[in-house]
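Asks: Pasting in a structure now, in structure tokens, and then I'll have a few things to ask.
The values are calculated or read from the model by the stated rules, or taken from the named source; none is laboratory data. Quantities reported herein were computed from a predicted structural model and do not represent experimental measurements. Virtual Cβ from ideal backbone geometry, glycine too; neighbours counted across all protein chains shown.
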Amino acid sequence: MPYPEMQPSEDQHAALEAGLDVDTVQHGTTPPFAYWEGDARALVGVLWSARHNGLTLDADAERIASNILASRCIAAVRHQTAEGNPSVRGFTTQADGFTGSADELAQVLGDAAAAGGDLSSKTDDTANFIRMSGWFAAIQRDAVTVAA
């Protein structure tokens with residue numbers, strides 16, 4: 001092994017095996033966050049990780065939802081929103097009736113699959129579908145509520 005210091009620790013390896021994305025494993029879920037870590041690019045990274053672990057939107061929505069909720073991306077969304085810089089602006093009214101739960105996110109993933117989203121050629125579309133959902137609006141609404 002030419003660069004042993006670049007190899008994941010046992011804990012990191014276990015987290016990767018469990019399906020967490022590389023950014024979450026390498027950098028954790030605490031600030032500071034770069035501006036892009038709360039946007040669609042970071043969410044695409046979480047979805048790519050699911051794909052590389054052999055998951056699909058249809059069969060594995062609950063596991064993917066769990067990984068999204070545990071991701072650095074969602075931690076960044078919450079932090080940035082609480083600081084007054086939400087990644088999706090102006091549609092917290094769409095959060096009505098949503099709690100931001102893993103079950104709701106799993107349903108959003110199923111809806112994304114039904115709308116033609118996937119984890120390969122349309123990963124960007126899937127990420128944007130999630131970000132435009134009532135579930136995502138609830139995540140942002142709750143971040144503002146906690147910060148207040």
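Asks: Considering (1) free of Cβ contacts under 8 Å to residues at least 40 places away in the same chain; (2) surrounded by fewer than 20 Cβ atoms within 10 Å (Cβ to Cβ), say which one residue 51 fails and leave the rest.
Replies: (1)
Asks: In the range 24-39, what count of residues is obtained for those that are within 11 Å of the chain's Cα centre (by Cα) and surrounded by 19 or more Cβ atoms within 10 Å (Cβ to Cβ)?
Replies: Count: 3.
Asks: Scanning the range 71-91 for residues that are at pLDDT below 95 and of a type in the set (A, V, I, L, M, F, W, C), which turns out surrounded by the fewest Cβ atoms within 10 Å (Cβ to Cβ)?
Replies: 91
Asks: Of all residues in the range 117-136, how many are touching a residue at least 40 places away in the same chain (Cβ under 8 Å) and of a type in the set (D, E, K, R)?
Replies: Final tally of qualifying residues: 3.
Asks: Here's something else I'd like to know. Does residue 141 meet the test of being at pLDDT 90 or above, out of contact with any Phe, Trp or Tyr (no Cβ under 9 Å at 6 or more places or on another chain), part of a helix (DSSP H, G or I) and within 26 Å of residue 27 (Cα to Cα)?
Replies: For residue 141, the condition - at pLDDT 90 or above, out of contact with any Phe, Trp or Tyr (no Cβ under 9 Å at 6 or more places or on another chain), part of a helix (DSSP H, G or I) and within 26 Å of residue 27 (Cα to Cα) - is not met.
Asks: So, of the residues in the range 1-23 that are outside any helix (DSSP H, G or I) and under 15 Å from the mean Cα position of the chain (by Cα), which turns out to be modelled with the highest pLDDT?
Replies: Residue satisfying both the conditions and the ranking: 21.
Asks: For the range 94-116, name all the residues that are in contact (Cβ under 8 Å) with a residue 24 or more places away in the chain and acidic (Asp, Glu).
Replies: 96, 103, 104
Asks: Against the conditions (1) surrounded by fewer than 23 Cβ atoms within 10 Å (Cβ to Cβ); (2) out of contact with any Ser or Thr (no Cβ under 8 Å at 6 or more places or on another chain), where does residue 131 fall short? Just the number, please.
Replies: (2)
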